[in-house]
Structure formats: structure tokens, C-alpha cells
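All remarks here apply to the structure that follows.
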Amino acid sequence: MRTLNGFSLFELLMTLLLIVIVTGLAVPSLSASVARGRQAAEIDALFHAVHRARKESVMRRKVVSLCPSLDGLQCESSKDWSSGWLLFENSDRDSPPRIDAGETILQRHIAGDRVRISANRKGFTLRSTFLRATNGTLVFCDPQARIPPKALVISYTGRPRVARHKNSRELYSCAD
């Protein structure tokens, strides 16, 4: 007598159903992990730029500013940092920061299009020889709301920190 090797239709359907269920559970988790990675990359880039701005202002003994930029050449006068930003020597100390002739661009960053970055300032200025820098907050959001927003809080001394909550323990929110 010969035995047939293979699967019955019922076994094949049960296997496919199991694959669909496992995939359905894994995809949202993977999607959130990718969104967290993108958010962390943008936060890290801006975090390190603030540290570099502090260092450059001390080394150069000049005012150094960060501002949002669409083209990587000029500052934008908005509070939307989603396209990217510039770090430059702000010789004339204008506020909000603006790149003028003779001012050196120290760093450019083009942000990924999958993270929305909004700030409560049009720019951040760090001064080594003056009393205060510009304090403020940048909020990093996932446009598809798969993960909660995080904020990069820059103190008046120019020290950045990452936070999930405001001082009142209220979560940061994304502006619509």
C-alpha cells in the first residue's frame, strides 16, 4: 500500500490563518519600533548640535545660533523644524537668528520626513560671554501617532535634556 505525502486543505488553511494572525500582531509593533528609531535619531542629532553650539560659542568666544531651515542655506522664520536646521556663528546677534554675509555655517542637518518637529522658538542662541542663552522646547512627533511625543528641553544655560512630561507631569502634545 502507498501512502500519500502532503497536506490536507484543512491543514493548509489553518497554517495560513496562523501566519496571518502572527503577521497581524507583529506589523504594528514593528511599525512603532521604526517610528521610535526615527524619533530618537532626530532627537540625538539636535541634542548633539546644541552641545556643539555651546562648545563652539566657548571656543570662538562668539554667539552661535541654531535655526530651522528648509534649504540648508538660510533660516526660516517659523517654529517648524521638520525640514532641518542650521548651526552658525551669529556675529551680529540678530533675533530671531538669521544668516547674514560673513557668518559661518558650522553644521547643516536635513531632517527625515517621517518626524514632525515643532518648537516654541524660531531659533536658539548660545552665548559664552553674555549672561543667558535662549531657552525653549522642541517637540518631536510621529505624524501617524504610533508613538508618544518626546521633547528636547534646552535650558537658559544651553543644556539640553530629553523629556516625556512637562514639569506639571502633563504629557507633551503634538500641535495639529
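The values are calculated or read from the model by the stated rules, or taken from the named source; none is laboratory data. Nothing here was measured: the structure is a model prediction, and the numbers come from that model. Methodologically, a virtual Cβ is constructed for each residue, glycine included, from the backbone with ideal geometry; neighbour enumeration extends over all protein chains shown. For the accessible areas, the whole protein counts, side chains as well, though only heavy atoms, and no ligand, DNA or RNA atoms are used. Shrake-Rupley method; radii C 1.70, N 1.55, O 1.52, S 1.80 Å.
Of all residues in the stretch 54-71, those satisfying the criterion of being touching a Gly at 6+ places or on another chain (Cβ under 9 Å) and either free of Cβ contacts under 8 Å to residues at least 40 places away in the same chain or among the aliphatic types (A, V, I, L, M) (or both) are L66, S69, L70, D71.
Residues in the stretch 144-169 that are on the phi < 0 side of the Ramachandran plot, out of contact with any Phe, Trp or Tyr (no Cβ under 8 Å at 6 or more places or on another chain) and open to solvent by 100 Å² or more (accessible area, probe 1.4 Å): Q144, Y156, R159, R161, N167.
Among the residues of the stretch 106-129, just one is exposed (fewer than 14 other Cβ atoms within 10 Å of the Cβ) and more than 16 Å from the chain's Cα centre (by Cα), namely T129. Scanning the stretch 72-84 for residues that are in contact with a Gly (Cβ under 8 Å, 6 or more places away or on another chain) and surrounded by fewer than 17 Cβ atoms within 10 Å (Cβ to Cβ) turns up just one, G72. Of all residues in the stretch 6-35, those that are under 30 Å from A145 (Cβ atoms) have Cβ atoms under 8 Å from Cβ atoms of residues that are open to solvent by less than 60 Å² (accessible area, probe 1.4 Å) and at pLDDT 85 or above, 6 or more apart or on another chain, in A32/I147; A35/D142; A35/I147.
When residues in the stretch 46-67 are screened for being part of a helix (DSSP H, G or I) and crowded, with 18+ Cβ neighbours inside 10 Å, 7 of them pass. Could we say that S77 is over 20 Å from F47 (Cα atoms), outside any strand (DSSP E or B) and in contact (Cβ under 8 Å) with a residue 12 or more places away in the chain here? Yes; evaluated as a whole, the condition is true for this residue.
Exactly one condition in (1) touching a residue at least 60 places away in the same chain (Cβ under 8 Å); (2) open to solvent by less than 20 Å² (accessible area, probe 1.4 Å); (3) in contact with a helix residue (DSSP H, G or I) (Cβ under 7 Å, 6 or more places away or on another chain) is not met by L87; state its number. The failed condition is (1).
Mind checking whether some residue in the stretch 27-41 is over 19 Å from the mean Cα position of the chain (by Cα), open to solvent by less than 80 Å² (accessible area, probe 1.4 Å) and either on the phi > 0 side of the Ramachandran plot or among the acidic types (D, E) (or both)? The answer is no, given that none of the residues of the stretch 27-41 is over 19 Å from the mean Cα position of the chain (by Cα), open to solvent by less than 80 Å² (accessible area, probe 1.4 Å) and either on the phi > 0 side of the Ramachandran plot or among the acidic types (D, E) (or both). When you look at D92, is it within 11 Å of the chain's Cα centre (by Cα) and not in a strand (DSSP E or B), yes or no? So D92 does not fit the description; no.
Evaluated against (1) of a type in the set (D, E, K, R); (2) touching a strand residue (DSSP E or B) at 6+ places or on another chain (Cβ under 8 Å); (3) at positive phi, E56 falls short on exactly one condition, (3). From the list L106, L30, L25, L66, which residue is farther than 21 Å from S155 by Cα, of a type outside the set (F, W, Y) and at pLDDT 90 or above? When all the criteria are applied, what remains is L106.
Any residue at all in the stretch 90-101 that is touching a residue at least 40 places away in the same chain (Cβ under 8 Å) and either touching a His at 6+ places or on another chain (Cβ under 7 Å) or surrounded by 18 or more Cβ atoms within 10 Å (Cβ to Cβ) (or both)? Checked the stretch 90-101: no residue is touching a residue at least 40 places away in the same chain (Cβ under 8 Å) and either touching a His at 6+ places or on another chain (Cβ under 7 Å) or surrounded by 18 or more Cβ atoms within 10 Å (Cβ to Cβ) (or both).
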